[in-house]
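A.B. asks: Handing you this structure, nothing more for now.
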Amino acid sequence: MIRRPPRSTLSSSSAASDVYKRQILERYFSAKLLGGEIRVVQRWLDALPGAWQKRYPMIGLVQAGVLLATGQFDASTRTLDAVEQELAPGTSEEAGQQRARATALRCYIACFQNDLARAETLADRALQVLPEGDVAFRPGVYGALGDTYRRHGRWHEARACYRKLLDFSYAPAFRVEAVHVLGALADLALRQGHLKEAERYWRQALEAIAERERTDRVALPVAGWVRIRMGEIVYEWNRLADARRHVSQGLERAELGGDVRAMIAGYLIGGRLSLAEGDVEAAAEGLGRARPLVERAQFAHWAGRFERLQVELWLAQDRLRTANHWAGEMLREGTTEERPAGAGARLAIARALIAGGDARAVEQALVILGPLLQTAEEEGRTGVQIEALTLEALARWRRGEQAAAVTAGERALRLAEPEGYVRLFVDLGLPMARLLQEASARDVMAGYVEGLLAAFEQDLASAEPRTRVLPEPLTARERQVLELLAAGLTNREIGESLVISPGTVKKHAANIYGKLGVHGRTEAAARARELGLLD
């Protein structure tokens, strides 16, 4: 006969089990979230009795952390409000530390929202109370603050925060935290346009993950984030097969762990890869998979990237009117400069306006690009500089300012060549190819330009059936002007025929040349006949 243990023993055993569960949650939740194992932490929370949340504030803090990690900042804030309300009557040292932890989480939220002033204030408050040996929240403050300094171009403060993270190398979770430090340094390099340095850091992060996986024999979902970001870099170098491999493997890990930010990044770079491969439908599918995640989460930086890929997709689908309407709405709202992803949004707006083709739209694009370029130069954001300069070159080319276009293009090329940028140019399509051909004719950076043109040839060869459709359609008036230009009429004669001024004819002609990627009347007529625009 099996004897039941006394009730007191059972109660004691249950209480010990409860304490053990809470200790496991408190000790390891941070490591799991950093490792991208968000679903694991959620399962832990689901396994706990509902009544525990009011009894143990730490559970509410962990719930707020899960909501934060999935981009649900408003819900995370509400959960922190509830936790602090329960703590309000307490004056114990333990209650003070829990409030400091809640403050640390509010600091993380402010960092994700790119509110640097608030983040600094909250960080100071939290760090004054959190013990020096706190490994669950203190490192996170330094990491989040470093990321926000990085987004603001304050490189020295960002590096200082990341160096402080190294002080926590003794912590059980640090082998995962080290991956985040390497990733942060990689992104810091990337924002400064240093692709090669960023690639080295991501490679070190992959090596650190591989070592951890060999030791623990556990697949870490954080590897998904690292592989996806590595895929972005090799994509820029036009190593499309390598990029596809990294992104596919990365998405598999990200989806396994429930890492929303990594999934957004993976779907977007996957969509860009599909566009490069000429598969517009697959690109639209990738954008569609990212859309609900972007809408539910509040990762502003990735929302900006989503908008940029959306513009590229519209252009690939010949939906110029949609792209221009979006650009006009963004300009009317006038909020792009205040947005955390403002630079990305403004580049996307400029891209849409330049593709639209009329003189007013191109002028608007140049107005946007001027201050953006100046700020990027001041803050050392070389990647933004390169992209802004390439768009300026395209805009000036469209206006018929060939010399100014080549000058802007050469500035971009000189910044881009040391880091091996390729797709930034190739993804701009046929107009950029025409501009680079002009640069080649003028012997501008011959070796680099030759390599870029070779990449264009590879892309255009795979897309040859689609080149029979003009990437940037002519307006009805431009078609009229084109027909008369091809017939050999002068600007004055065309103006008299269409009842417009010779100056207006000249503007229409410049737009036509830009859309066709040509330099003059003869080339315009030949290209138009090739495309079936003239009889």
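The values are calculated or read from the model by the stated rules, or taken from the named source; none is laboratory data. All values derive from a computational prediction rather than experimental measurement. So basically every Cβ, Gly included, is an ideal-geometry build from the backbone, and we count neighbours across all protein chains shown. Heavy atoms of the whole protein, side chains included, go into the accessibility calculation; ligands, DNA and RNA do not. Shrake-Rupley method; radii C 1.70, N 1.55, O 1.52, S 1.80 Å.
A.B. asks: Hey, rough spin-label estimate for E197 and A454, points 7 angstrom out along Cα→Cβ, what's it come to in nanometres?
C.D. replies: 2.8 nm
A.B. asks: Taking 37 °C and 0.692 mPa s as the conditions, I'd like the Stokes-Einstein D for region 377-430 in µm²/s, using the Kirkwood hydrodynamic radius from alpha carbon pairs.
C.D. replies: Answer, rounded: 292 µm²/s.
A.B. asks: Moving on to the next point. Can you pull the percent of region 319-423's accessible area that's carbon plus sulfur, 1.4 Å probe, other chains left in place?
C.D. replies: 48 percent
A.B. asks: I've got another one for you. Summing Lys, Arg as +1 and Asp, Glu as -1, what charge do residues with Cβ under 12 Å from the Cβ of F112 carry, F112 excluded?
C.D. replies: Summing Lys/Arg as +1 and Asp/Glu as -1 gives +1.
A.B. asks: Also, I was wondering about something else. At a Förster radius of 45 Å, what calculated FRET efficiency corresponds to the Cβ-Cβ distance of T77 and R360, to the nearest 0.05?
C.D. replies: E between T77 and R360, to the nearest 0.05, is 0.55.
A.B. asks: L498 to E295: FRET efficiency via 1/(1 + (r/R0)^6), r the Cβ-Cβ distance, R0 45 Å, to the nearest 0.05?
C.D. replies: Approximately 0.45, to the nearest 0.05.
A.B. asks: Please compute the length gained on full extension between R214 and D167, using 0.36 nm multiplied by the number of residues separating them and subtracting their Cα-Cα distance.
C.D. replies: Stretched out fully, the R214 to D167 stretch lengthens by 14.5 nm.
A.B. asks: Shifting gears a bit: Dipole size in debye (nearest 20) for region 371-411 around its Cα centre, Lys and Arg Cβ +1, Asp and Glu Cβ -1?
C.D. replies: 220 debye
A.B. asks: Between Q437 and R245, what length comes free when the chain is fully extended (0.36 nm per residue of separation minus the Cα-Cα distance, one decimal in nm)?
C.D. replies: Full extension of this stretch gives 65.9 nm more.
A.B. asks: Next question. Give the calculated FRET efficiency between T490 and R321 to the nearest 0.05, with a Förster radius of 30 Å applied to their Cβ-Cβ distance.
C.D. replies: 0.40
A.B. asks: In addition: Nothing charged except the Cβ atoms of Lys and Arg (+1) and of Asp and Glu (-1): what's the magnitude of the dipole of region 196-306 about its Cα centre? Round to the nearest 20 debye.
C.D. replies: For this selection, approximately 200 debye.
A.B. asks: Could I ask something else about it? Given axes a ≥ b ≥ c from the Cα gyration tensor, I'd like to know whether region 38-171 is rounded (a/c under 1.5), prolate (a/b larger than b/c) or oblate.
C.D. replies: Prolate, since a/c reaches 1.5 and a/b exceeds b/c.
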